[in-house]
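The values are calculated or read from the model by the stated rules, or taken from the named source; none is laboratory data. What you see is a predicted model; the values in this text were computed from it and never measured. Ideal geometry is used to build each Cβ from the backbone, glycine not excepted, and the neighbour counts take in all protein chains shown.
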Amino acid sequence: MKSFTLACTLSVCALFLQSSGSLKAEERVVLPPIGQVAFSESGRYVAAVAEQIYIFDLVGYRLSRKIKVAPFHRSHMLKFYGNDEYIIIGYTRGLDVWKIDNGELVLHLEAGPVLGFDIYKNLVLTGNYQGTLMLWDLDTGRKIWERKRRFPNLHNVFFFNNGKKAITGGDDGNLTIWDIARKEIEVVIGVDEFAFSSGDISKDESLFISNGSGSLLYLWNIDKTTPVKTFKEQSSHDGCLKFIPNSRLFVSCGYRWVYIWSLDAEDPLKKLEGHRQVVSSLDVSPDGSLIVSGSWDRTVRIWATKSGKELFVFGFPEEEPPGEVPPFAGMGIALLVFATTVLMAIAVAFYAGIRIVRKYRK
């Protein structure tokens, strides 16, 4: 009987490992709650940042390297740079450039608490908490120029038109297009009533997707001054809106889920389920075939864009999902305890009454 039980247990474990991509112990690293994630330029690597930068190799699904970053500083964004040779992280102390193969910090830019940045060749454009837009030379670390906006929190920063222009968005409620060479605003898109914390520009640079007020996602034509379409937001977070290249699709975060949307539909096409806590960020591979998501549940998950299937999980998820507390849950428990106590008292009284009746009949 014991042999049969052991054989059954091993069979179940084998099936689990097979369904989980044949996980090995060294691949299942223990991760902290994840802040930001990013695909490499080649699409081979995925990076996730928390107290450290974790770089995973998707060939073999293994941890490739860990880079220790400054502790106790929130990271807002990270990107690969220079043919996957470097990784750049924007956080509360500025912008850091790390060499991946030896984990060396090669450059630090005093850009303030960075919320968003973008790279074009050797240039990096940063936006920070103070609402300051800065252009830097990555080769020298020199600040080329800066412009202070009237409102704080520049979350969205994107180069386009071969680095000649940029689009930014933040608490000022507008999408602003900049002329990089002239260091000035070219045009303002919006109606001063949106606060943008997340967005992305399409590969052909004709469209911009953003969140905003009223729990809506807004699709913008960069040549227009008003949104061309809205979608019902699914609780998007910073870094949680990405266009899928070579398609009319985009992805967003929504609490514990990832949603795949079509520009031609009102509702999400797919809901990717698996995370047990808030999905903090996501990214899409350069060819659009894969999605990576990071979560406070201490996992990084790889998804197939076409099928929506979960392909691999880095890290160990927490034991129990927090779920949503039902209304009056505490009151319900109290009522249950009270009702149980009353029923027990009635039962005791009933039993005592029967004994008294029997005693007098005798």
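Of all the strands (runs of 3 or more DSSP E) wholly in region 27-146, which have at least 1 residues that are closer than 30 Å to GLU184 by Cβ and within 21 Å of the chain's Cα centre (by Cα)?
Qualifying strands (runs of 3 or more DSSP E): 75-81, 86-91, 94-99, 114-120, 123-128.
If we scan region 280-292, do we find a residue that is modelled with pLDDT of 90 or more, in a loop (DSSP other than H, G, I, E, B), at negative phi and within 11 Å of the chain's Cα centre (by Cα)? Show your work before the answer.
Pass one, region 280-292, residues modelled with pLDDT of 90 or more: 280-292.
Now drop any that are not in a loop (DSSP other than H, G, I, E, B), which leaves 285-289.
Imposing the further condition that a residue be at negative phi reduces the set to 285-287, 289.
In the following step, the residues that additionally are within 11 Å of the chain's Cα centre (by Cα) were identified as none.
The answer is no; no qualifying residue exists.
In the set ASP192, ASP204, ASP171, ASP223, which member is surrounded by fewer than 20 Cβ atoms within 10 Å (Cβ to Cβ), farther than 23 Å from THR132 by Cα and at pLDDT below 85?
Working: ASP192 fails: farther than 23 Å from THR132 by Cα; ASP204 fails: at pLDDT below 85; ASP171 fails: farther than 23 Å from THR132 by Cα.
Being surrounded by fewer than 20 Cβ atoms within 10 Å (Cβ to Cβ), farther than 23 Å from THR132 by Cα and at pLDDT below 85 holds for just one of ASP192, ASP204, ASP171, ASP223, which is ASP223.
Condition first: at pLDDT below 95 and closer than 19 Å to SER202 by Cβ. Now tell me which residues in region 248-257 satisfy that.
SER252, CYS253
Show the residue pairs meeting these rules: Cβ distance below 8 Å; 6+ apart or different chains; first residue within region 31-46 and touching a residue at least 24 places away in the same chain (Cβ under 8 Å) and within 15 Å of ARG298 (Cα to Cα); second residue in a loop (DSSP other than H, G, I, E, B) and of a type in the set (Asp, Glu).
Short answer, once both residue conditions are applied: PRO32/GLU51; PRO33/ASP297.
Could you tell me how many of the residues in region 289-305 are among the basic types (Lys, Arg) and in contact (Cβ under 8 Å) with a residue 40 or more places away in the chain?
Within region 289-305, residues that are among the basic types (Lys, Arg) and in contact (Cβ under 8 Å) with a residue 40 or more places away in the chain number 1.
Given the options GLU320, GLU266, name the one that is farther than 15 Å from LEU31 by Cα, in contact with a Phe, Trp or Tyr (Cβ under 9 Å, 6 or more places away or on another chain) and either at pLDDT below 95 or not in a loop (DSSP other than H, G, I, E, B) (or both).
So the residue among GLU320, GLU266 that is farther than 15 Å from LEU31 by Cα, in contact with a Phe, Trp or Tyr (Cβ under 9 Å, 6 or more places away or on another chain) and either at pLDDT below 95 or not in a loop (DSSP other than H, G, I, E, B) (or both) is GLU266.
Taking region 271-288 as the search range and keeping residues that are without any contact (Cβ under 8 Å) to a residue 60 or more places away in the chain and out of contact with any Pro (no Cβ under 6 Å at 6 or more places or on another chain), which one is farthest from ALA48 (Cα to Cα)?
Among residues in region 271-288 that are without any contact (Cβ under 8 Å) to a residue 60 or more places away in the chain and out of contact with any Pro (no Cβ under 6 Å at 6 or more places or on another chain), the one farthest from ALA48 (Cα to Cα) is LYS271.
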